[in-house]
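Encoded as structure tokens, the structure appears first; notes follow it.
Read-outs throughout are calculated quantities, based only on the coordinates presented, and are distinct from any laboratory measurement. Values in this document were obtained by computation on a predicted structure and should not be read as measured data. Methodologically, a virtual Cβ is constructed for each residue, glycine included, from the backbone with ideal geometry; neighbour enumeration extends over all protein chains shown.
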């Protein structure tokens, strides 16, 4: 593992622990060159589908894009990074469990919207306004009315 501080290739593992219910191993490493410590995470490489974009382009599934979308939607909201990581894990797991080799980006977006709807309604509306590409204020207000109705029904 290359040291993020000095690019030395030699290190030693100081500590290993299970994380995320045994799905990840967290390793504390010490660089043999500069003696600084850093953390790495090891997980099983899982086969994830190729995402088919609206315009037909195909790209590898990228969990960092999901996390970035969540962070943007939840900006200045009282939601921890740990919570966003957990949500990202759930979305990634559901997509993986579908067992498809290709998946439309729309499905990824809908999974994200489901999670945001339960997590934070302000973040949900933020994401929905970009994702659904509201053309005018009426479409936006319709979404808000639907949210308000669902909230009253709870």
*Pairing the Cα long axis of helix 63-73 with the longest principal axis of the chain, what angle in degrees results, from 0 to 90 and rounded to the nearest 10?*
50
*Per DSSP H run of at least 4 residues, take -39500 (n - 2.57); add these up for the chain, divide by its residues and hand me the 222 nm value, nearest 500 deg cm²/dmol.*
-15000 deg cm²/dmol
*Taking region 102-154, how much of its Cα-Cα pair set, in percent, is spaced more than 17 angstrom apart?*
38
*Exposure proxy check: 51, 122 ranked by fewest other beta carbons within 10 Å?*
122, 51
_Report the Cα-based extents of region 50-153 along its three principal axes, largest first, to the nearest Å._
39, 32, 25
*If you find the alpha carbon centre of region 87-154 and of region 7-45, how far apart are they in angstrom?*
35
_Just to be sure I understand: with springs between alpha-carbon atoms less than 10 Å apart, which residue in 62, 136, 120 has the highest mean-square fluctuation in the Gaussian network model of the chain?_
136
*Picking from 20, 71, 93, which is most flexible by a Gaussian network model of the chain using Cα springs under 10 Å?*
20
*Based on DSSP, what percent of beta bridges with both residues in the chain are antiparallel, to the nearest 5?*
85
*Within region 10-40, what residues put their amide N at less than 20 Å from the label point 7 Å along the Cα-to-Cβ vector of residue 64?*
24-27, 38-40
*Using a Gaussian network for the chain with springs between C-alpha atoms less than 10 Å apart, which of these wobbles most: 95, 137, 66?*
137
*Considering the Cα trace of region 21-96, what is its radius of gyration and what is Dmax, both in angstroms?*
16.1, 49
